[in-house]
Amino acid sequence: MAVAAQTPAAQTPAAQTPPSPAAAPAGNAETGKKLYASYGCYQCHGHEAQGSSATGPRLGPRPIAFAAFSRYVRQPTGQMPPYTVKVVSDADLTNIYAFVSSRPAPAANIPLLK
């Protein structure tokens, strides 16, 4: 009888539990790189998401939390145009975030600073 009293949530393995709100969903950085280019993100944020004071802020590495990133992309407050779900799907946004997150730290690219 104890088995019948268990809820499906109690039977779910830890590996299948949804990520915490602060955790970003899993995405594919290689796919994200292609999407980042195809949506034109690089035009303001640079090819490596490094940003520029003249065009757009740095996005990576170590971007803001995924929830804040998603919220800003969907409803920006600055000069950036909104990228609604009709323009960029949630799956595409997740892959773009994975790409931005995968960017190396700037000092890692400068041999003398290693």
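Nothing in this text is a laboratory measurement; each read-out follows from the coordinates by a stated rule. This structure is a prediction, so every number in the text was calculated from the model and none was measured. Here the Cβ positions follow ideal geometry from the backbone for every residue, glycine too, while neighbour counts run over all protein chains shown.
Taking a sphere under 11 Å around the Cβ of Gly51 and counting the other residues whose Cβ falls inside, with K and R at +1 and D and E at -1, yields a net charge of +1. Charge dipole (Cα centre; +1 on Lys/Arg Cβ, -1 on Asp/Glu Cβ; no other charges) of segment 25-105 amounts to roughly 120 debye. Ordering Thr31, Thr94, Thr77, Thr84 from the fewest to the most neighbouring beta carbons within 10 Å gives Thr77, Thr84, Thr31, Thr94.
Pull up all non-local amide H partners of Gly27: gap of 5 or more, or a different chain, and H-to-H distance under 5 Å with H placed in the peptide plane. Amide H to amide H, under 5 Å and 5 or more residues apart or across chains, Gly27 pairs with nothing.
Determine the shape class of segment 25-105: with a ≥ b ≥ c the square roots of the Cα gyration tensor eigenvalues, call it rounded for a/c under 1.5, and otherwise prolate if a/b is greater than b/c, oblate otherwise.
Numbers: a/c = 1.35, a/b = 1.03, b/c = 1.32.
Verdict is rounded for segment 25-105.
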